[in-house]
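**Q** The structure's right below; bear with me while I get my questions together.
We did not get these values from a lab; they are worked out from the coordinates using the rules stated. These numbers come from a predicted model, not from an experiment. Note that each Cβ is placed from the backbone with ideal geometry, even for glycine, and that neighbours are counted across all protein chains shown.
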Amino acid sequence: MQGPTDPSSEHRGIIPRSMEQIFETGDKMLVDGWEYKFTASFLEIYNETLHDLIGSGSEKIEIKLVNEKTRDVEVTNVKNVQVRNTYDVHQLLLKANKNRSVAATKCNERSSRSHSVFRLKIEGTNTRNGEGVVGNLNLVDLAGSERVAHSGSTGQRLKEAQAINNSLAELGNVIMALNERKPHVPYRNSKLTYLLCNSLGGNSKTLMFVNVNPLEKHLSETINSLRFATKVNRTDLGTAKKNKC
């Protein structure tokens, strides 16, 4: 998601590439009178607890639903940083990377033990007609599901694996509920789905990348991943509309 620490690398991740495009588009729209403000935060969900990857981490972080209809949520006690260019974003990513929870397992010497969520609030104002728009971008790095028999996780690693697998299962339940258009969608069953409820079922667009392993010994995991991807692909969230303010 973040890629190498070198911001000029051709292998830079989705976050720096997305921010490059956002800044470039914002600059192009200046000629039409649009001015934008970008505010970023970076969280991780570790063992069903929220952590601020760029803040002090001294206060408890909570998710609050501020609008039942639009499913907008607010995260309390997190550090929000105004970013004006790719350098600002790079510095933010460096700090977040140092605080991310990772550990070694038999399957991966640097295994993510948490989900991470890069959040960007975009506020636009047109200086010619006074029109205002607001939107939120969530770039999420999901920790992969883990088969304990293969990873050899015990103790704290086992607890982490169970939390990851449970939250991914709840994500699947939310997607299934949306796909079947059930009257109740269990967003609150995990921190991950509650944090992303506006992106999953609100006035939004959602894109998911599913990584699979080409090795034959991982065939069963690959098939499970592709089945999950098929389920996600069948889910219709409707057409997103511009959020005016």
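**Q** From the phi angles alone, apply the Karplus equation (6.51, -1.76, 1.60; θ = phi - 60°) to the range 32-38 and give each ³J(HN,Hα) in whole Hz, x where the residue is Gly or Pro.
**A** Result, rounded to whole Hz: 9, x, 8, 10, 10, 10, 10.
**Q** Select from N97, P16, N166 the residue farthest towards the positive end of the dipole of the chain; place +1 on Cβ of Lys and Arg, -1 on Cβ of Asp and Glu, and compute about the Cα centre.
**A** N166
**Q** Using unit Cβ charges (K, R positive; D, E negative) and no other charged atoms, how large, in debye to the nearest 20, is the dipole of the chain about its Cα centre? Write out the running numbers ahead of the final one.
**A** Numbers: 34 positive and 27 negative charges, 93 e Å.
About 440 debye.
**Q** For T230 and R181, compute 0.36 nm times the residue count separating them, minus their Cα-Cα distance, and round to one decimal in nm.
**A** Working: separation 49, 0.36 × 49 = 17.64 nm, distance 1.68 nm.
The span from T230 to R181 would gain 16.0 nm if fully extended.
**Q** With a cap of 10 neighbouring Cβ atoms within 10 Å, and only residues DSSP puts in a loop, list the GluC sites (Glu not before Pro) found in the range 6-82. Mind dumping the intermediate values first?
**A** Numbers: sites: E10, E20, E24, E35, E44, E48, E59, E62, E68, E74; in loops: E10, E48, E59, E62, E68.
Answer by residue number: E10, E68.
**Q** Compute the distance from the alpha-carbon center of the range 167-224 to that of the range 1-24, in whole Å.
**A** Between the Cα centre of the range 167-224 and that of the range 1-24, the gap is 25 Å.
**Q** Return the whole-Å distance between the Cα centroid of the range 39-105 and the Cα centroid of the range 111-141.
**A** One Cα centre to the other: 12 Å.
**Q** Then there is this: Given an 8 Å cut-off on Cα distances and at least 6 residues of separation, report the relative contact order of the chain as a percent.
**A** Relative contact order here is 18 percent.
**Q** Which loop-located GluC sites (Glu not before Pro) does the range 180-245 contain, where loop means any DSSP state but H, G, I, E or B and the Cβ has at most 10 other Cβ atoms within 10 Å?
**A** E180
**Q** Output ³J(HN,Hα) for the range 127-133: one whole-Hz value per residue in order, computed from phi by the Karplus curve 6.51 cos²θ - 1.76 cosθ + 1.60 with θ = phi - 60°, and x for Gly and Pro.
**A** 6, 8, 10, x, 5, x, 9
**Q** Just one of (i) -0.54, -1.16; (ii) -0.43, -1.37; (iii) -0.37, -1.26 is log10 I(q)/I(0) by the Debye sum over Cα atoms at q = 0.09, 0.16 Å⁻¹ as worked out from the coordinates here. Which one is it?
**A** (ii)
**Q** What residues have an amide H closer than 5 Å to that of D72, excluding those fewer than 5 places away on the same chain, when H is modeled at 1.01 Å from N in the peptide plane?
**A** Amide H neighbours of D72: V66, N67.
**Q** Moving to a separate point now. With θ taken as phi - 60° and the coefficients 6.51, -1.76 and 1.60, list the Karplus ³J(HN,Hα) couplings across the range 49-60 in order, rounded to whole Hz; mark glycine and proline as x.
**A** Couplings: 10, 7, 10, 8, 7, 10, x, 6, x, 8, 10, 5 Hz.
**Q** Just to confirm the filter: which trypsin sites (Lys or Arg not before Pro) across the range 1-84 are DSSP coil and have at most 10 other Cβ within 10 angstrom of their Cβ?
**A** Listed in order of number, the matching sites are K60, K69.
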